[in-house]
Structures are given as structure tokens and as C-alpha cells.
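The values are calculated or read from the model by the stated rules, or taken from the named source; none is laboratory data. As the structure is a computational prediction, the values presented were derived from the model and not from experiment. Please note: Cβ atoms are built from the backbone with ideal geometry, for glycine as well, and neighbour counts cover all protein chains shown.
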Amino acid sequence: MLTLPRWQTWTITGITLVSLLLALPNLLPASVLSFLPHWYATSVINLGLDLRGGAHLLFDVDVRSVVRQRLTDLSDSIRAELRKQQLALREISSDGTAITVSLREGTDQAKAIEAIRNLEAGVLDVTSPSPGTLRVAYTQQELTLRRQQVLDQSIEVVRKRVDETGTKEPTIQRQGDERILVQVPGVENPDDLIKLISTTAKMEFRLEGVGATILRPTKEGWDQVWPDLAKSERWQKESNKTLIAEEICRRQAAACMPVSRRVVVSGEELTDAQATFDQQTNRPIVSFRFTTTGGRAFCRATTDNIGKPLAIVLDERVISAPVIQSAICGGSGIITGNFTTQQTNELSLQLRSGALPATLTVIERRTVGADLGADAIRAGTIAAAVGTALVVFFMFLSYGPIFGGFANLAMAVNLIMVFAGMSVLGASLTLPGIAGLVLTVGMAVDSNVLIYERVREEQSLGRPPISALTAGYERAMSAIIDANLTTLIAGILMFGFGSGPIKGFATTLSLGLLTSMFSSTIFTRMVLGLWLRWRRPRELVI
């Protein structure tokens, strides 16, 4: 029977009205939204990069530098292990892809090979190209795994940094073996975004050096000397940061300080970092908190070195070097310096998101202007309006003003529910997404076409109106479910394996298919039931 219990009628009506309320903020002007609750006014559909404009960036991940650093660390481990095993070593060197170990004459080569392999069991390939010489390299499987880990970690760090800026629906995905694609809608200044993303943000706390040290300019010294130094043609071409740092130190000794190679606490031990202000000077600072292990190490270092400078090194540069006044054992501290408020916000964000495992270099940069997005919206809106109008005209022409009107009403309800669902989910609407909406319009009335054609068949067999309508809904339901389910499976697969435009199309298509099952069957069944009770027709004009 088409007649539904009263509670079902009220439930269907309630769902429809709630959907209308959720979709309404997308149609209201900003002047009206400003008077509405924040949670409701901000529940709107986000526009994608192709509609809103924004930044399209392609980064190259320097995985090779990570491998080189790992080989350098392995060289130190090999030297220490051979010394521990009392195996005489003549020389050890690395070319960035493998380590060459030269043993002194008379050294047990087999024992040396076994000792090296045991350092990282199963991942080291140790061969002997000549007597007394060993070649140590990571297996191809280990290199592939490490490349994957570096890329995945880089994507995660980039995602955290972009998400904390408040940007909605950014596209951050792997492209190839060593590249990351970043698309961020609504960005007006890509330079700030590039700086935020590509800064390594590797922070270390180091004491003033004694003996084996490295010289690094303080931030103040770098800012004072480098602008003049950069005017020289030689230093403009110089890419070695160590040589540049040494030159700055030579020209202005006060700008540098000797820093120990030993790291007291690394940035990996940070649990939080926030931009704030010094209560006494009201200057921008960054407050931070350590893990339990990091807090203990920091406490020991500050307890044993009162009165000595503690260098805070960020990406190979000393950004601050405060003198330890007393032991700091609370597991927290602050970073001071000549910072602006924007700099403290960026630094705290970078420290919270963690350090990048490898350097990122921009190799492709495009900016999509808002004007181009407006043109796309205009063209897409016109296409959607024309397509919808043609569908409405076809339904009126094929099934008359009553049943065609019910189908068109269901189509309108379906679009409202799609907009409501996208608003609640915070999904982005892209140009392919608009195409998905147009296709959804056709799919929404397709179910009614199946139902009406079945009703015509039942009516031609002599069934009365109520019986024909009931049989039409029941017998068309299996075909409707099959058609929508198969298309939904395709939409889910496109969303899962696709990217960018394909995901935008799949989002609106899949959501539209789910809502059309409600609008074209449940909603129209309720409307037809109410109409039958009101008009009680003796025959159906379809």
C-alpha cells in the first residue's frame, strides 16, 4: 500500500526540512550569515581549487640526502664496531651510494664482514671487490622501503602544516617516487605557503662547544652580514652553507658562537609548541613542552651548565642562545629572540608538525586566479541550469503535470539533500563535481521513469489506480536498487583510487545516488499516497 503510517510521514517530512535548513547557508548572502550562529553559518560547501582559485605546487623530495646521511651514520657505527672487535681499520669513506672499508693487512676479513652485517641484520649488502677492501651498501629492498617511508612521513608533515593554517580540503598526495603534489584552494600568496611547507624545522638544543665544534652564525649575525655578502657575485652562486657561515663568522666574529656537535635534546622530544608573549617584556616568544625523556635530559643539561649559553639551533642556524640562569626541570621552556608575531606563529606551527625527514624543493608552481574560478562557476552553473531545465521539461512532457511534477519535486529534494550532505561533510565542490551534480539530476528522475513505466504496464492490464501504483513501486524497486548500486560501486572506486578532479566527480555522484534512493522512492511514495487520499482518482493519467 502507498498509504504510510503517520509517524513515517512525519519522519520523511522532518528529514526533508532538516536537509533544507542544512543547505540554506549556501544560498544566503554574507550579510545575513553574520547574524546566524557561527556553527551554522560556516556549514557551507567549500569550493575547490578550480572554482575558488589557489596554489598548485609540486615538490621534489631529496630522498638521496637521507640515504647519504644514513650511510654517514653507518660509517660511524662501522668504525666503532670494528674498533670494539679489535679489527684494524685503515680507511673508511662513502660516495653517497655505498661505503668503502679498507682493512689493514692481516685483519680477519671474514670476521669484519660478519661484524658489519650484524649492525643492521638483513638490510646490508657486504661484498669484497678486492682483498682487504669491503663495499657496504643497503639492499635495493631496503632503499625502496626507506624511500617510501621518507615520502609518507613528508606527506604527513606537510598535511599537518597545511591543516593548521585552517585551509579546508587541500589536496596533498604522492606523485611518482620522489614528488609530492600540493593543491591548496584560496591561497593568495603562494610564497608564504612554500616557506611554511618547505622549511625543514629540525630543531636541536646544543651547549657551547669545547674542542671539536662547529661554527654557526646566530640569526642576528646572519641577518646583519648576509645582505651585504649576497651582493657579491661569488656568494650569490655559492651553495655551500658551511662556507657561507664561515665567511660570516670571519667578517663579524660576534655573530657566531662555537656549538658542540653533541645534541642535548632534539626537536623529536617536543610534544607541543605555542606562540605567546613574554609577560615581562610583551615580546613574541615560543613556549614548548618536552616528553618525559626529553624533559629529563633538558633538566640534567641545565643543572650541570648553569651560567653557560644554550644554543637553540633550527635548520643549521642558531636562532637564540640564552644563558642558563637556573635548572629547568619542569619539562617546558621558551624560545626567545628578535621574532615578529608572524615568525613565532610559523615557528610554533613547524615545531608542532615535526621536522621534515628530507628537503623539499619546488619544481612546479602554478596559481589559479579567482577570476578563472568565477568563470568556471558561471559556465558550470549555466550548464547545470540548462541540463536541469531540459530534464524538467522532459518529465512534464512524458508524464504530465501531476506525475511529472512529482518527479521534478523529488529531483529538487534530491539536490537539496546533496547540498546538505556536502555542507555537513565539509566536502569541496569542483568543476567535475558540478558535472556529477548534473548527472545526479538525470539519475534522480531515472528511478521515477522506471516506476512510472511499470505503473503504465500494470494499468494496461486493468488494475485500479492504487493497485497499479503499489505494484509499480514494488516491481521497479529491484531494478532501481541494481542500477544505483552498480553506479555507486563505480563512484566509490573512483573516489578511492582517483585524485583531484576524479574525486570531485565521484563525491557528488556517490552522494547524489544515495540521496536519490530517498527522494525518488520514499519521498515520492509519501507524496503520491497523500495525493491519492486527497483526490481519489478513478484512473491515472501518466
Practice prompt. Return yes when Gly53 is at positive phi and either modelled with pLDDT of 85 or more or more than 30 Å from the chain's Cα centre (by Cα) (or both) and no when it is not.
Written response: no
Worksheet, complete the sentence: If we ask which residues in the range 300-357 are in contact with a Lys or Arg (Cβ under 8 Å, 6 or more places away or on another chain) and under 20 Å from Thr281 (Cα atoms), their number turns out to be 9
Worksheet item: Being in contact with a strand residue (DSSP E or B) (Cβ under 6 Å, 6 or more places away or on another chain), at pLDDT below 80 and either surrounded by 14 or more Cβ atoms within 10 Å (Cβ to Cβ) or among the aliphatic types (A, V, I, L, M) (or both), is that true of even one residue in the range 157-168?
Response: yes
Worksheet entry | All positions within the range 323-340 that are in contact with a Ser or Thr (Cβ under 6 Å, 6 or more places away or on another chain) and either outside any strand (DSSP E or B) or at pLDDT 80 or above (or both) | Ile324, Ala327, Ile328, Ile334, Thr336, Gly337
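Provide a single number: the residues in the range 307-356 that are of a type in the set (S, T, N, Q), in contact (Cβ under 8 Å) with a residue 24 or more places away in the chain and under 20 Å from Arg296 (Cα atoms).
The total comes to 2.
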Discussion item. Taking the criterion of being within 26 Å of Phe523 (Cα to Cα), without any contact (Cβ under 8 Å) to a residue 40 or more places away in the chain and in a helix (DSSP H, G or I), would at least one residue in the range 23-32 satisfy it?
Written reply: yes
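Just name the residue that is surrounded by the fewest Cβ atoms within 10 Å (Cβ to Cβ) out of those in the range 278-314 that are more than 30 Å from the chain's Cα centre (by Cα) and in a strand (DSSP E or B). Even if it seems obvious, please write down each step before you answer.
Going residue by residue through the range 278-314, those that are more than 30 Å from the chain's Cα centre (by Cα) are 278-283, 295-311.
So of that shortlist, the ones also in a strand (DSSP E or B) come out as 309-311.
Details: Pro309: 18, Leu310: 21, Ala311: 23.
Checked the range 278-314; the qualifying residue surrounded by the fewest Cβ atoms within 10 Å (Cβ to Cβ) is Pro309.
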Worksheet item: Among the numbered criteria (1) small (Gly, Ala, Ser); (2) modelled with pLDDT of 80 or more; (3) under 25 Å from the mean Cα position of the chain (by Cα), which single criterion is violated by Gly48?
Response: (2)
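For Val392, state whether it is out of contact with any helix residue (DSSP H, G or I) (no Cβ under 8 Å at 6 or more places or on another chain), at negative phi and assigned to a helix (DSSP H, G or I).
On the way: out of contact with any helix residue (DSSP H, G or I) (no Cβ under 8 Å at 6 or more places or on another chain): no; at negative phi: yes; assigned to a helix (DSSP H, G or I): yes.
So Val392 fails the test.
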